[in-house]
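Before any comments, here is the structure.
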Amino acid sequence: MGVMNTPLRRDRQDLLRAGLGHALNLGLPLLFVVIPILSFVVVSFWTLQDGQILLIPTLANYRAFFTEGSYLSVYLQTVGLSLQVTLVNVALSTAIALFIFRRTPRMRFLILMSFMLPLFMSYIIKVYSIRSILGQRGLLNEAMLGLGLIDQPIEALLFSRTAIFIALAVLYLPYAILPIYLALDRIPANYLAACADLGATPLQALRDVVLPLARPGIAAGAVFTFILTFGDFVTPQMVGGTQGFTFGRIVFSQFGLALNWPLGSALAVILLATTLLAVALAGLSLRREHVR
Amino acid sequence: MQPLLHLDNVSKRYGAVRVLDGIDITVADNEFLTILGPSGSGKTTILRIIGGFEGIDGGRLMFEGRDLSAVPINRRPFNTVFQDYALFHHMTVAENVGYGLKVRGRPKAEIAERVAEVLDTVGLGTLGGRYPALMSGGQRQRVALARAIICEPRLILLDEPLSALDVELRAQMQRFLKSLQRRLGIAFVFITHDQEEAIALSDRIIVVNRGRIEQEGAPEELYRRPRTPFTASFLGDNNLIPGRLAAVDGRLCTVDTAAGRLDATVDGPAPAPGSAVLLAVRPEHVRLDADPAARDGLPADVADVRFLGANVMIELLTPALPGAVIKVRRLADGAVAGLRPGASVRLGWAADDAALLQAAP
Amino acid sequence: MKQKAPCLDALLGLVAGLGLIALYAPLLATGALSFFQIVRVRGTLGFAPFSLDPYVALLANGEILAALSTSLVVATVSSLLALVLALMFAFYFVSARRGLGIAMQIMVFLPFLLPPIITGLSLLIAFREIDLGRGLVTIIIAHVVFIVPVVYRTVLVRLQLLGSSLTEASLDLGASRVQTLRYVILPQLRPALISGVLLAFAISFDETLITLFVAGSQTTLPIRLWAMMRVGFVPEINALATLIFLCTAAITFAIGLMQRAGERV
């Protein structure tokens, strides 16, 4: 018995340890990530009456999105704005990533870093700075006036859709550059040598090899940009003024001033579904990618 | 006759490091030329210079009498088979093979026809629709070859294309490469560090070492008559015995060594009498006499006997040449069955089998 | 090897140059304005002479300094917590059954992939459900949830790069599992751990969108600045922003160099 005892106890100890491992590693994310997400989905089906949340299931919050006020139109406008920013930023980022990719290896790191560095400048201060640049008496207007490019300050620069567009584009540009550059960086060096060897001009190599292989990065950059711009509620508020009533702002306001959590949750579910749709679409566009 | 390609006194530096030092290489039409050297010898740089992937710091690169130095890669009438094939993984085999024609703007129907033809040539007739990732190493190798020959280049550059294959496949691909080259009648410039491969494939071999050409010639010539210590030891095994040249009489030379006067033969101009030389004797050319009554040759003791399958490698120590291990290769038959470490033997060789080399300075 | 294509390069260079200007304009404006304040004389724009007044004023601004110290505490605590959790998750991923590891990984990555607004409001609602009052604790939890994926990713990449042969060699030489971890694995992970933690610190320090939901009456620096900017602007904000940027720039380059050094090993 004495001989048998030790391994048995050992087994039980191991089992206990493994159980603890599963509990910690699966339990913590479950507790702090999955349950919170589920809980706001649940809240979106509850009823708000006289400022009190009642545990009566309803679809009224979702109905409100489609019928009440301007929720739907703001939603569509915001999707449009985010798509616009995504399109422009992905185009710019592809060009910038290609520019970096075509430098010597020694230079690449430095240039990439200089494009990433603005990410580490305080977000809120960047927004404010963009606001002061775009303002009616802002640096951009003053500079253009000083140079004689315009006679009157352009008022539409700030507190407009254009202002939100510019601010979002500037704030989130690095998020698209990085994945696209990383995709380019993964292209085996001798693919380009092979292209040239087979007689391709640089533009042909770009079209046939570089851009097709950068597609996963481009898709990732597009998804990042869309998700971040679609969900941002501070930038539109600070540079958009009353014009900048984006969907994210509406959601946030339900948890602040409007204090309608069930409606806010329902709108957030729609926001979440939209971003998941964006991810799914990007994934679908890559379905034809082939393993190496 | 004008050579197809001529690297005329070409030099190349990376920073302060001189990787090629006045290299002179000609390639004739239809020839299978191998550039053989250890890693770091500069052989890959030579290939990259011909292909246009590297510029040169000195000399000229002439193609049929025209200077190619300023011609960009995509305009050179050469194609390359890369070491790891560099097949585009997002294209099918047919798209890979047809790429060279596509970028030249040929019509689709012509491309399809040529691709089918070339795939047949390399024995991949039905696999055009596959992706390279799903193919074996040997098949990928053939795709890379098909892609390189479809534009009918004047010269194909092969950068150690067989190094990733296992032994059996390698032998098979060697035969295939050789027959393909004969059928196509295109000059092949083949880079390798594998001397057996070089000997099996080539019409001519150029041995490079430390950015310089050591020796060039037909495989058999290089094997039989190495002229430098490097060639002698890099191409197959050789026993090298140092000495001083005593006298020259036509091809026949006499060399003073630690073991006394030994005879050797020399091809071409002999070094001046009195200069330091080496005697190179192939292990298979060393005579070995295990008869205790034998009086000819140098006395030696067997230090080791290694069974290598068809052959036996015997290592001998002889008091006449202190510090030297004499290697002897024999067929593994009854004649060597009784040899054990410690046995006393006598060794020797025919003067014709001892090549005289100038010792390294 | 790169083929030459002057026209293409000129075009790409132009876009890159404009991009760089757009990205740095807000930074440069902030930096410049921290030294040269704008003054208006009868409607025309002018700059005041160089002064360090905003920097002096910053030292006297108790509100900002209090928020700054809150942010430093939050970022330090949450990035260290994230480090411990990320290590645990990474080891779990390489040792547990594949399905379980992937399930864990998806959950861990979610907060980083979802829009911050979703992470913020789901935590807000969850905290309400369990009656956890908003404050320092909720901020730290939210930040940990958000930055664990960053550290986890850097650690996991390095850990998988190590492969199992090092561990096997160590065990073969007679080391215990703990010794192997202590002497073989952790030293190899160090560059990844440091760069992951620095990155997490920087993200936590600047986090705004999630924090707005869970902060309550506690204010971190970004929240404080946000509140201040809605009513007006004080020049010391420019000074503070410039200082923070210079610090983060230095840290960023340190991370970058470390990651490159890590790759070379």
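Remarks
- Probe 1.4 Å, accessible area per residue of the protein assembly as shown, Å²: 46
- Taking every protein chain into account, the 1.4 Å probe leaves A:His22 with about 70 Å² of accessible area, to the nearest ten.
- At R0 = 22 Å, FRET efficiency that the Cβ-Cβ distance of B:Arg261 and B:Arg295 yields, to 0.05: 0.80
- Dipole magnitude for the range C:62-233: computed about the Cα centre from +1 point charges on Lys and Arg Cβ and -1 point charges on Asp and Glu Cβ, it is near 200 debye.
- In this structure the amide hydrogen of B:Ile35, modeled in the peptide plane, comes within under 5 Å of the amide hydrogens of B:Phe190, B:Ile191, B:Thr192, B:Ile206, none closer than 5 places in sequence on its chain.
- Relative contact order of chain B, defined on C-alpha pairs under 8 angstrom at six or more residues apart (%): 15
- The range A:155-292, dipole about Cα centre (Lys/Arg Cβ +1, Asp/Glu Cβ -1), debye to the nearest 20: 260
- Computed over every Cα-Cα pair of the range B:5-224 and binned at 5 Å starting from 0, the pair-distance distribution P(r) comes out as 1, 7, 15, 19, 20, 16, 12, 7, 3, 1, 0 percent.
- Vicinal HN-Hα couplings computed from phi for the range B:185-198 (Karplus, 6.51 cos²θ - 1.76 cosθ + 1.60; Hz; Gly/Pro x): x, 9, 5, 10, 10, 10, 9, 7, 10, 9, 5, 5, 4, 4
- Straightening the chain between C:Ala227 and C:Leu181 buys 11.9 nm, computed as 0.36 nm per residue apart minus the Cα-Cα spacing.
- The accessible-area loss of the range A:116-162 on complex formation, taken against its chain alone with a 1.4 Å probe, reaches 40 Å² or more at A:Leu117, A:Pro118, A:Phe120, A:Met121, A:Tyr123, A:Ile124, A:Ile125, A:Tyr128, A:Ser129, A:Arg137, A:Leu139, A:Glu142.
- Estimated inter-spin distance, A:Leu30 and C:Leu173, nm [label 7 Å along Cα→Cβ]: 4.0
- Cross-link partners of B:Lys178 among lysines, defined as those whose alpha carbon lies under 27 angstrom from its own and excluding same-chain residues fewer than eight positions apart: B:Lys43.
- Carbon-plus-sulfur accessible fraction, the protein assembly as shown (probe radius 1.4 Å, protein heavy atoms only): 61%.
- Estimated inter-spin distance, A:Val42 and B:Arg210, nm [label 7 Å along Cα→Cβ]: 7.9
- Rh by Kirkwood over Cα pairs, then Stokes-Einstein D for the range A:68-291 at 1.306 mPa s and 10 °C, µm²/s: 81
- If the convex hull is drawn through the Cα atoms of the range B:237-358, its volume per residue in Å³: 102
- Take every Cα pair under 8 Å whose residues are at least 6 apart in sequence, average their separation, divide by the length of chain C, and the relative contact order is 29 percent.
- Considering only B:Ala259, B:Ala293, B:Ala351, the Gaussian network model of chain B with Cα springs below 10 Å gives its largest mean-square fluctuation to B:Ala293.
- Fully extending the segment from B:Ala351 to B:Ala112, taken as 0.36 nm per residue of separation minus the present Cα-Cα distance, adds 79.9 nm.
- Using a Förster distance of 41 Å, the FRET efficiency for C:Leu113-B:Asp21 (Cβ separation, nearest 0.05): 0.15
- Measuring between alpha carbons in the structure, the pairs from A:Lys126/C:Lys4; B:Lys12/B:Lys327; B:Lys12/C:Lys4 lying more than 32 angstrom apart are A:Lys126/C:Lys4; B:Lys12/B:Lys327.
- Nearest-10 value in Å² for the accessible area of A:Lys126, using the 1.4 Å probe: 20
- Virtual spin-label span in nm between B:Asn30 and C:Leu162, 7 Å along Cα→Cβ: 6.2
- When DSSP beta bridges are restricted to pairs lying wholly in chain B, around 75% turn out antiparallel.
- Nonlocal amide H pairs with B:Glu214, under 5 Å, H built at 1.01 Å: B:Val207, B:Val208, B:Asn209
- Note on the protein assembly as shown: dipole from Cβ charges, positive end direction compared against B:Ala16, C:Ala10, C:Gly133; the farthest Cα belongs to C:Gly133.
- Only helical runs count toward this figure. For chain B, summing -39,500 (n - 2.57) over DSSP H runs of n ≥ 4 and dividing by all residues gives -7000 deg cm²/dmol at 222 nm.
- Each residue of the range C:62-71 was assigned a 3J(HN,Hα) from its phi angle through the Karplus curve 6.51 cos²θ - 1.76 cosθ + 1.60 (θ = phi - 60°); the sequence is x, 4, 5, 5, 5, 5, 4, 5, 4, 4 Hz, with glycine and proline shown as x.
- For B:Glu64, residues with placed amide H under 5 Å, excluding near neighbours: B:Leu5, B:His6
- Result for chain C in a Gaussian network model with C-alpha springs under 10 Å: among C:Leu12, C:Leu72, C:Leu59, the largest mean-square fluctuation is at C:Leu12.
- Each 5 Å bin from zero holds the following percent of Cα-Cα pairs in chain C: 1, 5, 9, 12, 13, 13, 12, 11, 9, 7, 4, 2, 1, 0, 0, 0, 0.
- FRET efficiency for the pair C:Ala103 and A:Ala23, taken as 1/(1 + (r/R0)^6) with r the Cβ-Cβ distance and R0 = 22 Å, rounds to 0.95.
- Length available on full extension from B:Ala70 to B:Ala164: 0.36 nm per residue minus the Cα-Cα distance, which gives 30.5 nm.
- Computed from backbone phi with θ = phi - 60° and the Karplus coefficients 6.51, -1.76 and 1.60, the 3J(HN,Hα) list for the range C:246-253 is 4, 5, 5, 4, 5, 5, 4, 5 Hz; x is used for glycine and proline.
The values are calculated or read from the model by the stated rules, or taken from the named source; none is laboratory data. Keep in mind that this is a model prediction, so the values were computed, not measured. All Cβ positions, even for glycine, are placed from backbone atoms using ideal geometry, and neighbour counts span all protein chains on display. With ligands, DNA and RNA removed, areas are computed over all heavy atoms of the protein, side chains included. Shrake-Rupley method; radii C 1.70, N 1.55, O 1.52, S 1.80 Å.
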